[in-house]
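One structure is given below, encoded as C-alpha cells.
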C-alpha cells in the first residue's frame, strides 16, 4: 500500500473494523412459548430476558389448555440473529417450557393486537378523529363531550399508524394488549 492509497482511501478493510456488518443487523421475531400454567413460570421466562439484557417489545400470556394446565406466552423481541438463536435455546432448556416456536421463521403467521385510545378534542379535530377512526375501522367505545375512546384491532403496524395520526388530534392515552399470534395453515 502506497502513501497515495492511504490518502485516497484504500479498498482494503481496516484491521480495526473486522466485524461483519451483517452480524449487527437486528430483527424482530415473534416467539410462541408453551409452558406449564403454574405460579412463577412467567417470572422465570421474564428473568431470562432481563438477566441477559434482552428486550421484550410485546408480551401476552393466557391459558390455552385448561385440562393440561398449559399456557402460551407470545413474546415479540428484537436482536441479532445470534441473539435470537440464543434466546430460543435458553428458553428450550427451561424446565416448565414444553415448546418454543419462532413464528417469524417457521412460515407465515397471523398477528393481531387490540388497543384502546383516548382522544381529547373539540370542533374540527373531533370530526377528523371520527373520520380517521372510520377509515381504520376503529370503534367508539366511550364518548363524552370532551373525548372519545376508540377500540382498534389489527397488526401492530396498523395500530402504530392510527396512533400517529391521532397524536395531533389530541391523543392523550393508549392501552395495548400486546401481540397475539398463530402460524397459518396446518
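What follows is calculated from the coordinates using simple rules that are stated; it is not laboratory data. Small disclaimer: the values here were computed from a predicted structure and weren't measured. Here Cβ is always computed from backbone atoms with ideal geometry, including for glycine, and neighbour counts include all displayed protein chains.
Segment residue 46..residue 94, full-extension length gain: 16.1 nm, with 0.36 nm per residue of separation and the alpha-carbon distance subtracted. Normalised by the number of residues in the chain, what is the relative contact order in percent for Cα pairs under 8 Å and 6+ residues apart? Worked out over the chain, it gives 24 percent.
Taken as Cα centroids, segment 143-186 and segment 65-122 sit 19 Å apart, rounded to the nearest whole angstrom. What is the helix-to-structure angle for 156-166, meaning the angle in degrees between its Cα long axis and the longest Cα principal axis of the chain, kept from 0 to 90 and rounded to the nearest 10? Rounded to the nearest ten degrees, it is 60. Taking percent of Cα pairs over 30 Å apart as the quantity of interest, determine which of [x] 18; [y] 43; [z] 37 was computed from the displayed structure. Step by step, percent of Cα pairs over 30 Å apart for this structure corresponds to label [y]. For segment 109-183, the pair-distance distribution built from all alpha carbon pairs, in bins 5 Å wide starting at 0, is 3, 17, 30, 25, 12, 7, 4, 1, 0 percent.
In terms of surrounding Cβ atoms within a 10 Å radius of their Cβ, 159, 56 rank from fewest to most as 56, 159. Across all Cα pairs in segment 24-102, the calculated P(r) in 5 Å bins from zero up to the longest distance comes to 3, 16, 29, 27, 15, 6, 3, 1, 0 percent per bin. Principal-axis analysis of the Cα atoms of the chain puts helix 123-135 at an angle of about 70° to the longest axis.
Across segment 109-183, Cα pairs under 8 Å and at least six residues apart give a relative contact order of 53 percent.
Ordered by the number of other Cβ atoms lying within 10 Å of each residue's own Cβ, fewest first, 172, 183 fall into the sequence 172, 183. Sorting 122, 153 by the number of Cβ atoms found within 10 Å of their own Cβ, with the fewest placed first, yields 122, 153.
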